[in-house]
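Undergrad: Okay, handing you the structure first.
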Amino acid sequence: MPRFNPALLKNAMPYTVEDLSRIFDVSEPSIRRLLKKHPSTMIDGSPHIVIGRALKRALKANQKPRNRGASGDASFFCGSCKAKVRPAEQVVEAQPHCPGVTARLSAMCEHCEGSVSKFVSLKDRGAFEASLGEATIGEWGD
Ligand SMILES: [Zn+2]
């Protein structure tokens, strides 16, 4: 089952099956199967034209959190709260750490507003941003 990263879609953009196949790098039949599962993402009367916002929402609702606590999970450990926390306002800033390999991500704890950070492998960027629901700001150094 190919993974469809909702972070690659723009809200206000209409997409064709061809566009989506290119964006997600999967075959057009896979896209058609995906859209069949989410018929509400298509514009009425225009088969196979999809609005980014609708598909993003459908994909996010569909995503199961995997490997909780792994680097691809958009949560941080807050030393003050002594808990796993989400970034405040979903804002995460990336800085290259080991260019081409890992980035350092920093954010604000949603509970105490203290700063939190962790290192994330560049290959987990897609999963991290999908889990965050937003793109990170800054540079990953890839
Ligand atoms: Zn905290």
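Undergrad: So what are the chain's ellipsoid semi-axes, whole angstrom, largest first, if each one is the square root of 5 times an eigenvalue of the alpha-carbon gyration tensor?
TA: On the way: eigenvalues 199, 50, 32 Å².
Computed over the chain, the values are 32, 16, 13 Å.
Undergrad: Given the rule -39500 (n - 2.57) for each run of at least 4 DSSP H residues, summed and divided by the residues of the chain, what is its mean residue ellipticity at 222 nm, to the nearest 500 deg cm²/dmol?
TA: Working: 4 runs with 37 residues, N = 142.
Helix-only estimate at 222 nm: -7500 deg cm²/dmol.
Undergrad: Within the set of other residues whose C-beta is less than 14 Å from the C-beta of I137, count the net charge using Lys and Arg as +1 and Asp and Glu as -1. Show your work: numbers first, answer last.
TA: On the way: positive: R104, R125; negative: E89, E93, E129, E134, E139.
Surrounding charge for I137 is -3.
Undergrad: What length, rounded to one decimal in nm, is gained on full extension from E28 through to E93, with 0.36 nm per residue of separation minus their alpha-carbon distance?
TA: Values: separation 65, 0.36 × 65 = 23.40 nm, distance 3.41 nm.
Extending this stretch completely gives an extra 20.0 nm.
Undergrad: The range 68-135: which chymotrypsin sites (Phe, Trp or Tyr not before Pro) are DSSP loop and have at most 16 other beta-carbon atoms within 10 angstrom?
TA: Values: sites: F76, F77, F119, F128; in loops: none.
Here no chymotrypsin sites (Phe, Trp or Tyr not before Pro) fit, given the DSSP loop and packing criteria.
Undergrad: A follow-up question, please. Amide H to amide H, which residues 5 or more places from E110 or on other chains are under 5 Å from it, using H placed in the peptide plane?
TA: Those lying under 5 Å, H to H, from E110 are R86, A88.
Every read-out reported here was derived from the displayed coordinates using simple, explicitly stated rules and does not represent laboratory data. Keep in mind that this is a model prediction, so the values were computed, not measured. Glycine also receives a Cβ, built like all others from the backbone with ideal geometry; neighbour counts cover every protein chain displayed.
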